[in-house]
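These notes concern the structure reproduced below.
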Amino acid sequence: MTTFVDRVELHVAAGNGGHGCASVHREKFKPLGGPDGGNGGRGGDVILVVDPDVTTLLDYHHHPHRKATNGQPGAGDNREGKNGKDLVLPVPDGTVVFDTNGEVLADLVGRGTTFIAGQGGRGGLGNAALASARRKAPGFALLGEPGEARDIVLELKTVADVALVGYPSAGKSSLISVLSAAKPKIADYPFTTLVPNLGVVTAGSTVYTIADVPGLIPGASQGKGLGLEFLRHVERCEVLVHVLDTATLESHRDPVSDLDVIEEELSQYGGLENRPRVVVLNKVDIPDGQDLAEMIRPDLEERGYRVFEVSAVAHQGLKELSFALADIVAKARAAKPVQEATRIVIRPQAVDDTGFTVTEEGEHFYRVRGEKPERWVRQTDFNNDEAVGYLADRLNRLGVEDALLKAGARAMDGVAIGPEDNAVVFDWEPTMAAGAEMLGRRGEDHRLEAPRPAAQRRRDRDAERDEAAEEYERFRPF
């Protein structure tokens, strides 16, 4: 059964905002109580948080769909809806977040580092919040905004200072077990290590982490064996340690050719050219291994490698190797720039920035894009004429109508607000007047030529009642 997963596709959905409430205060002896509809609650966010106690993405492999809770709708008597609860997802240190196109969204390193993977939707305003001097009793409320939903890819890159690389059965697991307190599986067959193992090494005053990367073979950078799956775990390491088997039983292999093969795979993977290299000639406790190590050491040193002869079984040469790695790690840490506290940068909106764009797409068709217009459209109840009229007022105040006129739009041209896959399209009428003084009954707007059926029925009943009153006045006795 799989117990280690370092790459998953996660489907996250933030909570939807609660709808605002359209309510009128009703109390005995207070016939004009006024609007008292409360606002809807905010939807919960989906938040990724680095937790050092989490070492694998296995949980998200089994449960890839995660959703935060929705905000509650508002209610009468100015009662606001409850906010949705944020969904906090713990991830291992070193998790990289990608979108489905491969673009990096966040690199989560360090305890407590957070990333909002899905933004919760805003709650809709109730009619109490929408009331104004001119619009004293709005017959509508704003809808809650849908929460953000998207697919992301989580990829774990082990955070370690030293990476042990080499052929299968070269002795990497044995080496990490004697250098640290790690207890990896050790056996005499290839690919015993199926997941990266981490260990903590203390050498003098320096404490560093060491990672045992599963065995690499020729073609690993193209996906052969386990190489491509785990090569990402060496990207963050400061030092690469080549563990070479000097006592291999395979006649077609030797330590120098093994080193060349692994270096070629690292080169094909890319991004590791400037990392310091150290060569460890392992298994020198075997006579043939000692002889071979003495034979090839001068050649490796001529190439510029620091070479150490060790035996994980006999605990030979481990102290020198441990302190040498600690010295390299300490120098690498000292060379890094000092991290400064994150500065808060305030970027005010430009004076000439309207917050939206109008583009012509084809003949007699225009598209409006912008954070405000699109959000206002999402929060509009198009079954309520007054709400649609309120949207028209807001767009007009923002300057959308003037921008359409400048772009060359004419009456009855098609206008879409939003992206191509989710837009509201309407026929534009530039002469439409705007203002609360144009309003009629609550929930209605005389500027719209296509009223709701319920509104039309009310008008028909009013007309019948007026007609009946006229007939009564005409024939009532004097």
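The values are calculated or read from the model by the stated rules, or taken from the named source; none is laboratory data. None of the values given here were measured: they were computed from a predicted structure. We place every Cβ from the backbone using ideal geometry, glycine too, and count neighbours over all the protein chains shown. Remember, those area values only see protein heavy atoms, side chains included, never the ligands or the DNA or RNA. Shrake-Rupley method; radii C 1.70, N 1.55, O 1.52, S 1.80 Å.
Using a Förster distance of 45 angstrom, determine the FRET efficiency expected from the C-beta separation of Asp59 and Glu294, and round it to 0.05. Numbers along the way, then the final one.
Values: r = 50 Å, r/R0 = 1.11.
That gives a FRET efficiency of 0.35.
How long is the gain from Asp327 to Arg7 if the chain were fully straight, where each residue apart is worth 0.36 nm and the alpha carbon distance is subtracted? Could you put the intermediate results ahead of the total?
Numbers: separation 320, 0.36 × 320 = 115.20 nm, distance 3.27 nm.
So the chain would gain 111.9 nm between Asp327 and Arg7.
Kindly state, to the nearest 0.05, the FRET efficiency for Met412 paired with Asn101, given R0 = 35 Å and r defined as their beta-carbon distance.
Details: r = 38 Å, r/R0 = 1.09.
According to the calculation, E is roughly 0.35.
Using a 1.4 angstrom probe on heavy atoms only, work out the carbon and sulfur share of the accessible area of the stretch 1-146 in %.
Working: 3860 of 7650 Å².
Reported share for carbon and sulfur atoms: 50 percent.
Work from the charge dipole of the stretch 1-130 (Cβ charges, +1 for Lys and Arg, -1 for Asp and Glu, about the Cα centre) and give the residue of Cys21, Leu48, Thr113 farthest towards its positive end.
Value: Cys21.
Cross-link partners among lysines for Lys283, C-alpha distance below 21 Å, same-chain residues fewer than 8 apart left out?
Here the lysines satisfying the reach criterion relative to Lys283 are Lys172, Lys183, Lys185, Lys319.
To make sure I understand the rule: partners must be aspartates and glutamates, Cα under 19 Å from the Cα of Lys331, and not fewer than 8 residues away in the same chain. Which ones qualify?
Correct list for Lys331: Asp161, Glu235, Glu238, Glu273, Glu320.
Tell me, what ³J(HN,Hα) does each residue in the stretch 291-303 have, in order and in whole Hz, if you take phi through Karplus 6.51 cos²θ - 1.76 cosθ + 1.60 with θ = phi - 60° and put x for Gly and Pro?
With the stated coefficients, the stretch 291-303 comes to 5, 5, 4, 5, 6, 9, 4, x, 5, 5, 5, 5, 6 Hz.
GluC sites (Glu not before Pro), restricted to the stretch 90-177: which are DSSP loop and have at most 10 other Cβ atoms within 10 Å? Intermediate values should be presented prior to the final figure.
Numbers: sites: Glu103, Glu148, Glu155; in loops: Glu103, Glu148.
Qualifying residues, ordered by number: Glu103.
Does a label point 7 Å from the Cα of Ala131, set along Cα-to-beta-carbon, have any residues of the stretch 65-91 with amide nitrogen under 15 Å, and which are they?
75-80
So between Glu302 and Arg253, what do we pick up on full extension, going 0.36 nm a residue minus the alpha carbon distance?
Details: separation 49, 0.36 × 49 = 17.64 nm, distance 2.09 nm.
Value of the extension gain: 15.5 nm.
Taking the Cα centre as origin and putting +1 on Lys and Arg beta-carbons and -1 on Asp and Glu beta-carbons, what dipole magnitude results for the stretch 50-180, to the nearest 20 debye? Kindly include the intermediate steps, with their values, before the conclusion.
Details: 13 positive and 15 negative charges, 155 e Å.
Dipole about the Cα centre, nearest 20: 740 debye.
With a 1.4 Å probe and all protein chains kept in place, how much accessible area does Cys237 have, in Å² rounded to the nearest 10?
The accessible area comes out at roughly 0 Å².
With a 10 Å radius around each residue's Cβ, average the other Cβ atoms per peptide and rank 156-167, 367-378, 112-123, highest first. Numbers along the way, then the final one.
Values: 156-167: 24.8, 367-378: 17.5, 112-123: 21.5.
Order by mean packing, descending: 156-167, 112-123, 367-378.
Determine the gain in length on full extension of the stretch Ala181-Arg347; use 0.36 nm per residue of separation and subtract their C-alpha separation, reporting nm with one decimal.
Details: separation 166, 0.36 × 166 = 59.76 nm, distance 4.97 nm.
Extra length from Ala181 to Arg347 when fully extended: 54.8 nm.
Evaluate the distance, in nm, between pseudo-label points positioned 7 Å from the Cα of Leu405 and of Glu27 along their respective Cα→Cβ axes.
Reported label-point gap for Leu405 and Glu27 is 4.6 nm.
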